[in-house]
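Asks: Have a look at this one.
What follows draws every value from the coordinates through simple rules; no lab data is involved. None of these values were measured; they are calculated from a predicted model.
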Amino acid sequence: MGGQLTIRLPERLEMDVLGLAKKLHLKRSDIVRMALERLVQSADEGMEDRPYDRVQHLLGSVESGIADLGSCHRERLAERKKKVMMR
């Protein structure tokens with residue numbers, strides 16, 4: 001077994017843990033351990049769900065039709081600005 005952790009619980013939470021332990025026929029420490037494992041697991045899963053991870057499959061999937069758009073970006077912007085100013 002690993003390390004030991006001592007915590008203080010508010011009375012209401014202590015009663016809830018005790019009630020759940022009795023209902024499930026487990027020790028209070030088992031209930032707290034299970035809750036901590038679930039919290040850590042969901043936190044780890046949440047870290048993988050960054051905005052980048054949500055759109056990663058879309059990156060590079062759209063073509064502009066302009067072959068040198070990335071390398072000549074500044075020139076393209078200047079061109080576009082000039083066109084807008086002429087209107």
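Asks: On a 0 to 90° scale, report how tilted helix 73-86 is relative to the longest principal axis of the chain, with both axes built from alpha carbons and the result rounded to the nearest 10.
Replies: 60 degrees
Asks: Further question on the same structure: Which angle between 0 and 90 degrees, to the nearest 10, do you get for helix 28-48 versus the longest principal axis of the chain when only C-alpha atoms count?
Replies: For helix 28-48, the angle is close to 0 degrees.
Asks: Which of Gly70, Gly19, Gly60 moves the most in a Gaussian network model of the chain with Cα springs under 10 Å?
Replies: With Cα springs under 10 Å in the chain, the top fluctuation among Gly70, Gly19, Gly60 is at Gly70.
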